[in-house]
Structure formats: C-alpha cells, structure tokens
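A.B. asks: This structure is in structure tokens; I'll ask about it shortly.
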Amino acid sequence: LANGLGGRLYAWLPVLDALADRYRIVTWDYRGLFESEAHLDRRRLGVPQHAEDLAAVLDAEGIDAAHLCGWSMGVQVSLEFSLRRPDRVRSLVLINGTYGQALSTAFQPLMRVPLPPTVLHAVLEGVADRPTLAAGVGQAARAAAGSAFWLRKRLGPRWRSHFLRGIRQYVNDVMATHKANYLHLFQQIDAHSVYHLLPEVQAPTLVVSGGLDFLTPAYQSRAMARRIPGAKHLSIPLGTHFVLLEYPERVVAAIEKHLARVER
C-alpha cells in the first residue's frame with residue numbers, strides 16, 4: 001500500500017478488512033514523515049526517492065513482485081516504481097490520484113484554471129521554512145480534522161469513528177515534528193510527472209476516481225485510464241478524495257475483481 005501524503009493505515013481500513021486474510025499487506029512511512037527519518041535534505045524527498053524506498057521495503061520483506069495499491073500521492077509513487085521496475089509489479093490500483101503536477105489541478109474539479117496553482121505555490125514557499133506560520137497551518141489543520149463536517153455524513157457508520165480518529169492522529173503527528181517536510185512534499189509531487197510515460201506502463205491497472213474530488217480531479221484519472229494500455233476505470237460521480245471510505249463496498253469489490261482477473 002502506497003499511502004497518500006495525508007494518510008497511514010487508517011485510510012485503508014476497508015481494504016484491510018476485506019483482504020488481510022487472503023493477502024500479505026505491507027506499507028511504509030514515507031521518508032521525512034512519521035516513523036521514517038525526519039531530518040532530510042528536501043532534494044531527497046522527491047517521488048523518485050520514494051520509489052527507491054518502495055524497492056528497499058520489498059527487498060527487506062523478501063517480496064519479488066507485488067500488487068501495488070496507491071492512494072493520492074501513492075498513485076505517483078506507484079506509477080514511478082512500475083515504470084522503473086515493471087518486473088516487480090503484478091498489478092496497479094490507483095485511487096484518487098494523478099500522474100503528476102498535482103498542484104496544477106488541485107481545487108479545479110472541472111477544468112484547469114491559472115490562479116490556484118500560483119496561490120498554492122506562494123503559500124507553500126511562504127510557510128514551509130517559517131516555523132511560526134507553519135504552526136498556524138498546523139492549528140488550522142487540527143481544527144479541520146476535528147470537525148471534518150464534510151465527511152461525517154458521507155462515511156458509512158462502520159468506518160466513521162475509525163477514520164475521524166485516525167485523521168486527527170495524522171494531523172497531530174505531522175504537525176508535531178514534520179511540518180516543513182510535509183509542506184515540501186507538496187512541492188515534490190507537483191514537480192513530478194510521468195504523463196509522457198503512461199503508455200509504457202505494463203502492469204494491469206485499475207483506476208478509481210471520485211467526481212467530486214477537488215484535490216486530484218477525476219479528469220486526471222480519466223487521462224490515466226486512457227493512456228495506460230488496457231486500464232479499467234471505476235468512476236464514482238459523488239465520491240470525493242476519500243472515495244474508498246465513502247463507498248467501501250463498491251471500491252473493494254472492484255479491487256477484488258481486478259485482483260482475481262490478474263491472478264487467473
């Protein structure tokens with residue numbers, strides 16, 4: 001499992017619940033965050049470096065090849081790894097993500113417009129290396145996580161309490177020690193793109209998108225599905241960036257069908 005920049009295992013609860021008894025599930029903390037090394041040169045925080053870390057994780061676990069499932073930032077990491085090491089990728093599941101330049105389409109759910117990327121870059125540049133401002137971002141993030149009003153009604157009761165507890169813990173973890181790395185990682189996922197290489201992806205691929213995803217808009221998923229040979233696309237019109245938790249039955253069923261097709 002390749003996490004989103006905003007996620008750990010709590011974001012995968014429906015997958016764990018459905019597949020943990022049949023599959024060996026492995027994930028890791030991205031370099032610079034959580035339990036991984038925190039104090040890094042920002043030039044070592046790029047998506048290619050995270051793909052190298054994925055190879056190291058597979059080596060450490062004695063895994064020759066794996067099904068890769070990425071959410072959000074994890075989509076870019078999974079694509080990068082699959083292009084570098086196609087021999088180690090049995091299949092891809094790409095949920096709520098993009099092929100690259102994530103800030104260029106964030107908060108533009110219908111079409112690209114010029115202003116949001118410029119504003120986002122200015123905010124990141126102005127805040128990342130200023131501890132006082134970064135602390136303010138942390139307080140705002142904690143408040144948003146505490147209310148999470150847009151998700152309370154959308155999540156099924158089975159996952160709501162787990163998710164809300166997990167996202168509060170995530171915000172607390174990041175903002176406690178890794179604020180600068182966290183913000184620099186947004187710049188890194190915007191600097192990265194494999195759009196031109198998507199036709200070279202060899203792994204069987206399932207793309208999952210939400211029509212109301214404001215962070216990685218659905219038209220990016222449609223572009224990936226068109227350009228990756230043989231890719232399947234599950235589009236959930238009312239899904240947001242948390243489509244797995246909003247529609248767990250539909251997404252997990254699609255993942256199970258995808259895995260069964262690959263393993264036939």
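The values are calculated or read from the model by the stated rules, or taken from the named source; none is laboratory data. Please read these numbers as outputs of a predicted model, since none were measured by experiment. No Cβ is skipped: glycine too gets one built from the backbone with ideal geometry, and neighbour counts run over all protein chains shown.
A.B. asks: Are there any helices (runs of 4 or more DSSP H) wholly within segment 1-89 with 2 or more residues that are β-branched (Val, Ile, Thr), and if so which? Can you show your working first?
C.D. replies: On the way: elements: 13-19, 47-61, 73-84.
Because the criterion is at least 2 residues that are β-branched (Val, Ile, Thr), the helices (runs of 4 or more DSSP H) in segment 1-89 that meet it are 47-61, 73-84.
A.B. asks: Has segment 90-110 got any residue that is more than 14 Å from the chain's Cα centre (by Cα) and under 19 Å from VAL262 (Cβ atoms)? Let's see the steps before the verdict.
C.D. replies: If we filter segment 90-110 for residues that are more than 14 Å from the chain's Cα centre (by Cα), which is where we start, we get 90-91, 104-105, 107-110.
Now restrict to residues that are under 19 Å from VAL262 (Cβ atoms): 90-91.
Within segment 90-110, one or more residues are more than 14 Å from the chain's Cα centre (by Cα) and under 19 Å from VAL262 (Cβ atoms).
A.B. asks: Find the residue count for segment 16-62, including only residues that are among the hydrophobic types (A, V, I, L, M, F, W, C), closer than 17 Å to MET73 by Cβ, modelled with pLDDT of 95 or more and crowded, with 16+ Cβ neighbours inside 10 Å.
C.D. replies: Residues flagged as among the hydrophobic types (A, V, I, L, M, F, W, C), closer than 17 Å to MET73 by Cβ, modelled with pLDDT of 95 or more and crowded, with 16+ Cβ neighbours inside 10 Å within segment 16-62 amount to 4.
A.B. asks: Can you tell me how many residues in segment 211-264 are of a type in the set (S, T, N, Q), surrounded by 18 or more Cβ atoms within 10 Å (Cβ to Cβ) and either farther than 17 Å from THR98 by Cβ or at pLDDT 95 or above (or both)?
C.D. replies: 2
A.B. asks: Still on this structure, please answer the following. Quick test of your reading of the structure: PRO86 fulfils all but one of (1) under 26 Å from LEU215 (Cβ atoms); (2) in contact (Cβ under 8 Å) with a residue 40 or more places away in the chain; (3) not charged (D, E, K, R). Name the failing condition by number.
C.D. replies: (1)
Residue-wise test of (1) within 26 Å of ALA20 (Cβ to Cβ); (2) in a helix (DSSP H, G or I); (3) within 16 Å of the chain's Cα centre (by Cα).
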site: ALA180; (1), (2), (3): no, yes, no
site: GLY239; (1), (2), (3): yes, no, yes
site: GLU249; (1), (2), (3): yes, yes, no
site: ALA253; (1), (2), (3): yes, yes, no
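A.B. asks: Same structure, new question: Taking the stated definitions as given, is SER221 part of a helix (DSSP H, G or I), touching a Ser or Thr at 6+ places or on another chain (Cβ under 9 Å), under 30 Å from SER36 (Cβ atoms) and among the small types (Gly, Ala, Ser)? Break it down into steps so the answer makes sense when it comes.
C.D. replies: Details: part of a helix (DSSP H, G or I): yes; touching a Ser or Thr at 6+ places or on another chain (Cβ under 9 Å): yes; under 30 Å from SER36 (Cβ atoms): yes; among the small types (Gly, Ala, Ser): yes.
Spelling it out, SER221 is indeed part of a helix (DSSP H, G or I), touching a Ser or Thr at 6+ places or on another chain (Cβ under 9 Å), under 30 Å from SER36 (Cβ atoms) and among the small types (Gly, Ala, Ser).
A.B. asks: Continuing with the same structure: May I ask you to list pairs of residues, at least six apart or on different chains, whose Cβ atoms are under 7 Å apart, with the first in segment 40-52 being touching a residue at least 40 places away in the same chain (Cβ under 8 Å) and the second being of a type in the set (S, T, N, Q) and surrounded by 19 or more Cβ atoms within 10 Å (Cβ to Cβ)?
C.D. replies: Within 7 Å, the pairs are LEU40/ASN181; LEU45/ASN181; LEU45/GLN188; GLY46/GLN188; VAL47/GLN76; VAL47/GLN188.
A.B. asks: Is there a residue being of a type in the set (Lys, Arg), closer than 17 Å to VAL201 by Cα and more than 12 Å from the chain's Cα centre (by Cα) anywhere in segment 69-85?
C.D. replies: Scanning segment 69-85, I find at least one residue that is of a type in the set (Lys, Arg), closer than 17 Å to VAL201 by Cα and more than 12 Å from the chain's Cα centre (by Cα), so the answer is yes.
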